[in-house]
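Notes for the one structure printed next.
The values are calculated or read from the model by the stated rules, or taken from the named source; none is laboratory data. Keep in mind the model is a prediction, meaning the values are calculated, not measured. Don't worry about glycine lacking a Cβ; one is built from the backbone with ideal geometry, like all the others, and counts go over all protein chains shown.
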Amino acid sequence: MNGEAKRAMTALPGGDAGQGMPAHVAIIMDGNGRWAAQRGLPRFEGHRRGVEAIRRAVRTARELGIRYLTVYSFSAENWRRPPQEVSDLMGLLKLFVRHDLADLHTHNVRVRIIGEREGLSSDIRPLLDEAEHITRDNTGLNLVIAFNYGGRQEIVRAMQVIAHKIKNGVLNPEDIDAAAVEAHLDTAEIPDPDLVIRTSGEQRVSNFLTWQTAYSEFVFIPDYWPDFDEAIFRAAIDEYFKRDRRFGGLSAKAV
Ligand code: IPE
Ligand code: IPE
Ligand code: MG
């Protein structure tokens, strides 16, 4: 087992107790619609500008040496939006993969997609598979795209697989521990997020990485996602550096 997998097995985030650069930053990219409304523009324009903010975030993550960057781009609940907006968001994902995959690959970025693939249209699934396949051996930044993702749904799917294994006699109930659950999540082998950033001033989790954020630090930013830039990203990391991560134990300063 490599170091990354081992860390993932421990159910603790990938960083080193807040001392160094967070190994995994996960972002709830929120506020595209409000950004557009503020300017009298259609919501689509906010989403389009939001894709540009993703490109900036990827570049900054690479520069900072962050190992994993997860972006929440479509939640399992976002299907509740008007069909036109859902279709716009699907279109933008397709555009992003088609347009940016070569560039990401050139920069040694490994792309992973988490979330439910069943139910996605037949022109999206192969694109996601292709993005993962082409970049699978890359060793730079790991870009994790949470698409049609819901933390609860992910845990339910993992439970179903585990239940089938038990039924088929390949797993014993006694073997189920935190590591076994993690190994069945979409994020298997990805360390838990050290830092979760949410833009737009909302202070909630919205079904994002439910299991994995047990000990993550949260930074909430007032800016809308299309305005997210390097300075905001760096400020969020600076805020993270000030945190004292205890994981239920005592502060490093106290021992
Ligand atoms: C985030 O922006 C993008 C997605 C959730 C897909 P929103 O579309 O949620 O923008 P607001 O929250 O309505 O401003
Ligand atoms: C969370 O944002 C989902 C994504 C960023 C993809 P939402 O805008 O959907 O969340 P709520 O509805 O405000 O909680
Ligand atoms: Mg929103």
Neighbours by Cβ (under 9 Å, 6+ apart or cross-chain): first from the range 38-59, within 11 Å of S73 (Cβ to Cβ); second in a helix (DSSP H, G or I) and among the small types (G, A, S): H47/G33; H47/A36
Is one or more of the residues making up the range 195-212 part of a loop (DSSP other than H, G, I, E, B), within 21 Å of I113 (Cα to Cα), away from ligand 2 (no atom under 14 Å from the Cβ) and in contact (Cβ under 8 Å) with a residue 12 or more places away in the chain? yes
Which of the numbered conditions does E174 fail, given that it passes all the others? Conditions: (1) in a loop (DSSP other than H, G, I, E, B); (2) loosely packed, with under 13 Cβ neighbours inside 10 Å. (1)
Are any residues in the range 125-161 in a helix (DSSP H, G or I), touching a residue at least 24 places away in the same chain (Cβ under 8 Å) and surrounded by 14 or more Cβ atoms within 10 Å (Cβ to Cβ), and if so, which ones? L127, L128, E130, A131, I134, G151, Q153, E154, I155, R157, A158
State yes or no: is A252 surrounded by fewer than 19 Cβ atoms within 10 Å (Cβ to Cβ), under 19 Å from A26 (Cβ atoms), more than 16 Å from ligand 3 (Cβ to nearest atom) and aliphatic (A, V, I, L, M)? no
Specify which of the listed residues (T210, T199, T139) is among the polar types (S, T, N, Q), farther than 28 Å from E230 by Cβ and modelled with pLDDT of 95 or more. T210
Out of the residues in the range 56-78 that are of a type in the set (A, V, I, L, M, F, W, C) and more than 11 Å from ligand 1 (Cβ to nearest atom), state the one that is farthest from P193 (Cα to Cα). A76
